[in-house]
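Please read the structure below before turning to the comments.
Computed from the coordinates by the stated procedures, all read-outs in this text should not be read as laboratory data. In this text the structure is predicted, and so the values were computed from the model without any measurement. FYI the Cβ positions are ideal-geometry reconstructions off the backbone, even for glycines, and counts take in every protein chain you see.
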Amino acid sequence: MTQSPPPPSRRSSPPPAEREKRHTISLLVENKFGAFTRITGLFAAKGYNIDSLSVGPTEDESISRMTIVTRGDDQIIEQIIKQLNKVIDTIKVVDLTFESFVDRELVLVKVSSTAESRPEIMQIAEIFRAKVVDISPRTLTLEATGSQQKVDAIIKMLKPFAIRELARTGRVALKREFHGEV
């Protein structure tokens, strides 16, 4: 007896991983006590995860820029943006995901080093345009900046040398203003 194939299902939704997209959200907030806590508290209260967070003052000392990387489907991101706009300290919220923008991360990596391995580590640093910012008889500390993929790549290349410590910033991003051809 042969089995017939299962009946075609009604509109199947894609798996959660396919629906969720990574979003880079840029916020301008008043540089006041508690603003950071109110923003991050909103994410915690709603159960939204923050993949990356970077905060610092802008050219105007009374304003800070927050760059938040989070994941979610369109409905969740829309809800996050609405909620962020309601926070009293918020000046402006922009989802950069669908804009043209420049972003960078910074990583400091302290890696074990011997006289034999040092030239190879220095070559990796040169390829990634990283800087040696500290040196000792047993370690080298490198500083690298670039896209998330570049930072991930240098970390992967340095792993065989035994990474002792690693500090990585969150993403910082600014919207591009120029949209024409050069």
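Worth pointing out:
- Rounded tilt (10° steps) of 35-46 against the dominant C-alpha axis of the chain: 50 degrees
- Each of the peptides 128-141, 65-78 was scored by the mean count of other Cβ atoms within 10 Å over its residues; in descending order, highest first, they stand as 65-78, 128-141.
- Table column - 3J(HN,Hα) (Hz), segment 115-120, Karplus curve with 6.51, -1.76, 1.60, x for Gly and Pro: 4, 6, 8, 4, x, 5
- Cα-based shape type of segment 112-182, given that a ≥ b ≥ c are square roots of the gyration tensor eigenvalues and the cut on a/c is 1.5: prolate
- Spatial separation of Cα centroids for segment 95-122 and segment 20-56, in angstrom: 24 Å
- Between THR139 and SER113, the built amide H atoms are under 5 Å apart, and every one of these is 5 or more places off in sequence or on another chain.
- Using the Karplus relation 6.51 cos²θ - 1.76 cosθ + 1.60 with θ = phi - 60°, the per-residue 3J(HN,Hα) values for segment 133-142 come to 10, 7, 9, 9, x, 10, 9, 10, 10, 10 Hz, with x marking Gly and Pro.
- Taking the C-alpha atoms only, the angle from helix 74-86 to the longest principal axis of the chain is near 80 degrees.
- Only helices enter this figure: runs of n ≥ 4 DSSP H residues, each worth -39500 (n - 2.57), summed and divided by the residues of the chain, yield -8000 deg cm²/dmol at 222 nm to the nearest 500.
- Based on Cα contacts under 8 Å between residues 6+ apart, the chain shows a relative contact order of 24 percent.
- Difference of contour (0.36 nm per residue) and Cα-Cα distance, GLU165 to THR97: 21.4 nm
- Cα gyration tensor, the chain - rounded (a/c under 1.5), prolate or oblate: oblate
- The dipole here belongs to the chain: it is taken about the Cα centre, uses +1 on the Cβ of Lys and Arg and -1 on the Cβ of Asp and Glu, and is about 520 debye.
- Restraint check, LYS82/LYS175; LYS46/LYS92; LYS21/LYS156; LYS32/LYS150; LYS21/LYS150; LYS150/LYS175, Cα-Cα greater than 31 Å: LYS32/LYS150
- Mean separation of Cα pairs under 8 Å and 6 or more residues apart, divided by the residue count, gives segment 19-102 a relative contact order of 46 percent.
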